Amino acid sequence: MQLTKELSQNYTTILKEELVAAMGCTEPIAIAYAAAKAYRELGEMPDHIRITCSGNMIKNVKGVTVPNSGGQKGIETAAVLGVVGGNADKMLEVIADVDDAAREKTHELVAAGICEVALAENVPNLYIKAEMWTKDHAAAVTIAEHHTDITEIEKDGKLVFIAEQSIGVKKENAHKDSSTAKASEENTITGDRTKMTLKGILDYANTVDLAEVEEILERQVRFNTAISQEGLDNPWGARVGKTILENWSDDVKSYACARAASGSDARMSGCPLPVIINSGSGNQGITVTMPVVTYAERWHLSKEKMYRSLLVSNLVSIYIKHYIGALSAFCGAVSAACGAGAAITYMSGGTYEQIGGTITNTLGNVGGIVCDGAKPSCAAKIASSVHAALLAHYMSTSMKEFLGGEGFVESDVEKTIKNMGYIGKIGMKETDREILNVMIDKVDVDSCL
């Protein structure tokens, strides 16, 4: 498919939709955002809050510290903090400005049991419904599919907003007030991911006027480098990045793994620094950024070459993750590392075949890493995935590649990507369910073994 002006603009649109700032793990932040929006609709402090969400949301909030919360964890903390200290206008930076008073109030309200949590069945993997009540009024906000996609807003039992495409089904006959309609339009996903191909991504990276995207790429480098350095400088999480630097060599490969992991070290343990995300994930945003920045620095490449390489990294990650879906049992660090590895092959002068080989080699190696929720060990999974992507890069540039017919690998990289997407989205559904059952103690593991 030739890269027309329309297709080029589609890639630019996708980047602008995806590369946005988020503070902390995006799942608790999305819950805080939904709660802040519901509180705004309610117009007064609620007496009771209920957060109903998908199993994947529960999985990804259970083990992380909510940023700016003073070390507090959990869905209840995220929701209440969004109410007492959130600013819904800031979306995924909704709790960036909370103060000590809000943190203390959150602790008191959570301890008093103001918020309950319920599991939603038969909903998208990314699903949140924030409901709240006072004696006389009620409000609710529903988010589905993407972290800021509001599909419904209710006030006193009446719909005041419903998205035109709510979870893929057209909805009719709902009143839209101007402020709500405007907010929804800002959240609408308009870039067409189905038109993405590896060749199109490379053509776009080679030809796009960088003036269209330089600002968002510069911000991605600045934000994600800052949190990576924070993770190296201070004792966040399990200090995976720091451990790599202390025990591996100081070559470019080790530094690339360490800088990617250290950003997650900080982020998963409540560091309030913002991250530019990719595919709805801060960890994936860090993973597509830091290895590319590290290699560009060590190889003394121009800023233009680094930016064009970041276009490859970001878009390859988005392309692969599109087939898998927002949340699943497939670890998103793998798709993000594929993007970083492909970009490093690209910046080294690799051909289309070699860039495709890097992706194939990475997926053929670590495509089976499971996601058991957001938590400090994500940093180690990032390090492992980046290490695999770098091995894949050096293999492909030496004309070594896993061959079609070996497992799910095909001779065409596009087919390999789709195979991995099917496995992650469809094949791992039951795995995802059982991971959640183990995490919430709904299964007696000893009796099953």
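The values are calculated or read from the model by the stated rules, or taken from the named source; none is laboratory data. Note that this is a predicted model, so its numbers are computed, not measured. We place every Cβ from the backbone using ideal geometry, glycine too, and count neighbours over all the protein chains shown.
Looking at this structure, is LYS5 at pLDDT 95 or above, more than 25 Å from ALA118 (Cα to Cα), outside the structural domain of LEU126 (by TED's automatic domain parsing) and not aromatic (Phe, Trp, Tyr)? Steps first, answer last, please.
Working: at pLDDT 95 or above: no; more than 25 Å from ALA118 (Cα to Cα): yes; outside the structural domain of LEU126 (by TED's automatic domain parsing): yes; not aromatic (Phe, Trp, Tyr): yes.
The answer is no for LYS5.
Just for the stretch 268-282: of the residues that are of a type outside the set (A, V, I, L, M, F, W, C) and farther than 14 Å from ASN314 by Cβ, which one is surrounded by the fewest Cβ atoms within 10 Å (Cβ to Cβ)? So that I can check it myself, show each step before the final result.
Step one: filter the stretch 268-282 for residues of a type outside the set (A, V, I, L, M, F, W, C), giving 269-270, 272, 274, 278-282.
Going one step further and asking which of them are farther than 14 Å from ASN314 by Cβ, we end up with 269-270, 272, 274.
Numbers: SER269: 23, GLY270: 21, PRO272: 17, PRO274: 22.
That would be PRO272.
Are there any pairs, at least 6 apart or on different chains, whose C-beta atoms fall under 6 Å, with the first in the stretch 129-146 and under 13 Å from LEU159 (Cβ atoms) and the second assigned to a loop (DSSP other than H, G, I, E, B), and if so, which?
Every condition considered, the pairs that remain are ALA138/ASP156.
Does ALA260 qualify as being touching a Ser or Thr at 6+ places or on another chain (Cβ under 9 Å) and surrounded by fewer than 24 Cβ atoms within 10 Å (Cβ to Cβ)?
Values: touching a Ser or Thr at 6+ places or on another chain (Cβ under 9 Å): yes; surrounded by fewer than 24 Cβ atoms within 10 Å (Cβ to Cβ): no.
It is false that ALA260 is touching a Ser or Thr at 6+ places or on another chain (Cβ under 9 Å) and surrounded by fewer than 24 Cβ atoms within 10 Å (Cβ to Cβ).
If you take the residues of the stretch 57-74 that are within 15 Å of ILE143 (Cβ to Cβ) and crowded, with 24+ Cβ neighbours inside 10 Å, which of them is modelled with the lowest pLDDT?
Keep residues of the stretch 57-74 that are within 15 Å of ILE143 (Cβ to Cβ), which gives 57-58, 60-61.
Imposing the further condition that a residue be crowded, with 24+ Cβ neighbours inside 10 Å reduces the set to 57, 60-61.
On the way: MET57: 90, ASN60: 83, VAL61: 87.
This residue is ASN60.
Which condition number does LYS381 fail, the rest of (1) surrounded by fewer than 24 Cβ atoms within 10 Å (Cβ to Cβ); (2) of a type in the set (D, E, K, R); (3) under 19 Å from the mean Cα position of the chain (by Cα) being met?
Answer for LYS381: the failing condition is (1).
Just to verify a result, which residue in the stretch 407-428, among those that are under 18 Å from VAL366 (Cβ atoms) and of a type in the set (S, T, N, Q), is surrounded by the most Cβ atoms within 10 Å (Cβ to Cβ)?
Within the stretch 407-428, the match that is surrounded by the most Cβ atoms within 10 Å (Cβ to Cβ) is THR416.
Considering only residues that are small (Gly, Ala, Ser) and not in a helix (DSSP H, G or I), look in the stretch 339-365 and name the one that is surrounded by the fewest Cβ atoms within 10 Å (Cβ to Cβ). Let's see the steps before the verdict.
Our first condition is that a residue be small (Gly, Ala, Ser); within the stretch 339-365, this holds for 339-343, 348-350, 356-357, 364.
Pick out the ones that are also not in a helix (DSSP H, G or I) and you get 348-350.
On the way: SER348: 17, GLY349: 8, GLY350: 20.
That would be GLY349.
Kindly indicate whether GLY368 is surrounded by fewer than 22 Cβ atoms within 10 Å (Cβ to Cβ), modelled with pLDDT under 95 and assigned by TED's automatic domain parsing to the domain that holds SER269.
Numbers: surrounded by fewer than 22 Cβ atoms within 10 Å (Cβ to Cβ): yes; modelled with pLDDT under 95: yes; assigned by TED's automatic domain parsing to the domain that holds SER269: yes.
Considered against the rule, which asks whether it is surrounded by fewer than 22 Cβ atoms within 10 Å (Cβ to Cβ), modelled with pLDDT under 95 and assigned by TED's automatic domain parsing to the domain that holds SER269, GLY368 comes out as yes.
Give the residue that is surrounded by the fewest Cβ atoms within 10 Å (Cβ to Cβ), with candidates limited to residues of the stretch 44-56 that are modelled with pLDDT of 90 or more and either of a type in the set (Lys, Arg) or within 22 Å of the chain's Cα centre (by Cα) (or both). Write out each step before concluding.
Of the residues in the stretch 44-56, the ones modelled with pLDDT of 90 or more are 44-54.
Remaining after also requiring either of a type in the set (Lys, Arg) or within 22 Å of the chain's Cα centre (by Cα) (or both): 50-54.
Values: ARG50: 16, ILE51: 27, THR52: 19, CYS53: 27, SER54: 24.
The selected residue is ARG50.
On the given criteria, is LEU81 surrounded by fewer than 23 Cβ atoms within 10 Å (Cβ to Cβ) and part of a helix (DSSP H, G or I)? Give the steps one after another, and end with the answer.
Working: surrounded by fewer than 23 Cβ atoms within 10 Å (Cβ to Cβ): no; part of a helix (DSSP H, G or I): yes.
So LEU81 fails the test.
If you check every pair at least six apart or on different chains, which have Cβ atoms under 8 Å apart with a residue in the stretch 207-228 that is under 12 Å from LEU311 (Cα atoms) first and a residue that is modelled with pLDDT under 95 second?
Going by the 8 Å Cβ cut-off, the qualifying pairs are THR207/LEU3.
Just for the stretch 283-309: of the residues that are of a type in the set (A, V, I, L, M) and closer than 30 Å to ASN60 by Cβ, which one is surrounded by the fewest Cβ atoms within 10 Å (Cβ to Cβ)?
VAL293
Scan the stretch 267-285 for residues that are small (Gly, Ala, Ser) and out of contact with any strand residue (DSSP E or B) (no Cβ under 9 Å at 6 or more places or on another chain) and report the count.
So in the stretch 267-285, the residues small (Gly, Ala, Ser) come out as 269-270, 279-282, 285.
With the extra rule that they be out of contact with any strand residue (DSSP E or B) (no Cβ under 9 Å at 6 or more places or on another chain), the set shrinks to 279.
The total comes to 1.
Among the residues of the stretch 391-409, count how many are among the β-branched types (Val, Ile, Thr) and not in a loop (DSSP other than H, G, I, E, B).
Narrowing the stretch 391-409 to residues among the β-branched types (Val, Ile, Thr): 397, 409.
Filter once more, keeping what is not in a loop (DSSP other than H, G, I, E, B): 397.
Count: 1.
Could you tell me whether ASP446 is closer than 28 Å to ALA118 by Cα, in a helix (DSSP H, G or I), outside the structural domain of TRP236 (by TED's automatic domain parsing) and not basic (Lys, Arg)? Write out each step before concluding.
Numbers: closer than 28 Å to ALA118 by Cα: yes; in a helix (DSSP H, G or I): yes; outside the structural domain of TRP236 (by TED's automatic domain parsing): yes; not basic (Lys, Arg): yes.
Spelling it out, ASP446 is indeed closer than 28 Å to ALA118 by Cα, in a helix (DSSP H, G or I), outside the structural domain of TRP236 (by TED's automatic domain parsing) and not basic (Lys, Arg).
Scan GLU41, GLU27 and give me the residue that is at pLDDT 95 or above, acidic (Asp, Glu) and either surrounded by 22 or more Cβ atoms within 10 Å (Cβ to Cβ) or not assigned by TED's automatic domain parsing to the domain that holds ALA211 (or both). Quick ask: steps written out before the conclusion?
Working: GLU27 fails: at pLDDT 95 or above.
Being at pLDDT 95 or above, acidic (Asp, Glu) and either surrounded by 22 or more Cβ atoms within 10 Å (Cβ to Cβ) or not assigned by TED's automatic domain parsing to the domain that holds ALA211 (or both) holds for just one of GLU41, GLU27, which is GLU41.
When the stretch 110-132 is examined, which residues are found to be of a type in the set (D, E, K, R) and surrounded by fewer than 18 Cβ atoms within 10 Å (Cβ to Cβ)? Before you say what the answer is, go through the steps one by one.
Initial filter on the stretch 110-132 (of a type in the set (D, E, K, R)): 116, 121, 129, 131.
Result: GLU116, GLU121.
Quick test for you: out of HIS107, HIS147, pick the one residue that is under 28 Å from MET439 (Cα atoms) and surrounded by fewer than 18 Cβ atoms within 10 Å (Cβ to Cβ).
On the way: HIS147 fails: surrounded by fewer than 18 Cβ atoms within 10 Å (Cβ to Cβ).
Just a single option satisfies the conditions, and that option is HIS107.
Would you pick out the residues in the stretch 230-267 that are more than 19 Å from the chain's Cα centre (by Cα), polar (S, T, N, Q) and part of a helix (DSSP H, G or I)?
Residues satisfying the conditions are THR243, ASN247, SER254.
Go through the stretch 277-293 and count every residue that is touching a residue at least 60 places away in the same chain (Cβ under 8 Å), in a helix (DSSP H, G or I) and not aliphatic (A, V, I, L, M).
Step one: of the stretch 277-293, the residues touching a residue at least 60 places away in the same chain (Cβ under 8 Å) are 277-283, 285-287, 289-291, 293.
Within this subset, residues satisfying the condition of being in a helix (DSSP H, G or I) are 282-283, 285-287, 289-291, 293.
Keeping just the survivors that are not aliphatic (A, V, I, L, M) gives 282-283, 285, 287, 289, 291.
Adding up the residues that qualify gives 6.
Among the residues of the stretch 422-436, are any assigned to a helix (DSSP H, G or I), without any contact (Cβ under 8 Å) to a residue 60 or more places away in the chain and of a type in the set (Asp, Glu)? Can you show your working first?
Step one: filter the stretch 422-436 for residues assigned to a helix (DSSP H, G or I), giving 422-427, 429-436.
Remaining after also requiring without any contact (Cβ under 8 Å) to a residue 60 or more places away in the chain: 426-427, 430, 434.
Narrowing further to those that are of a type in the set (Asp, Glu): 430, 434.
Yes - at least one qualifying residue is present in the stretch 422-436.
Does LYS415 meet the test of being under 24 Å from ARG193 (Cβ atoms) and modelled with pLDDT under 95? Don't jump to the end; show me each part of the working.
Numbers: under 24 Å from ARG193 (Cβ atoms): yes; modelled with pLDDT under 95: no.
Spelling it out, it is not the case that LYS415 is under 24 Å from ARG193 (Cβ atoms) and modelled with pLDDT under 95.
Keeping to the stretch 200-209, report how many residues are surrounded by 15 or more Cβ atoms within 10 Å (Cβ to Cβ) and part of a helix (DSSP H, G or I).
Initial filter on the stretch 200-209 (surrounded by 15 or more Cβ atoms within 10 Å (Cβ to Cβ)): 200-205, 208.
Next, from what is left, pick out any that are part of a helix (DSSP H, G or I): 200-205.
Selection size over the stretch 200-209: 6.
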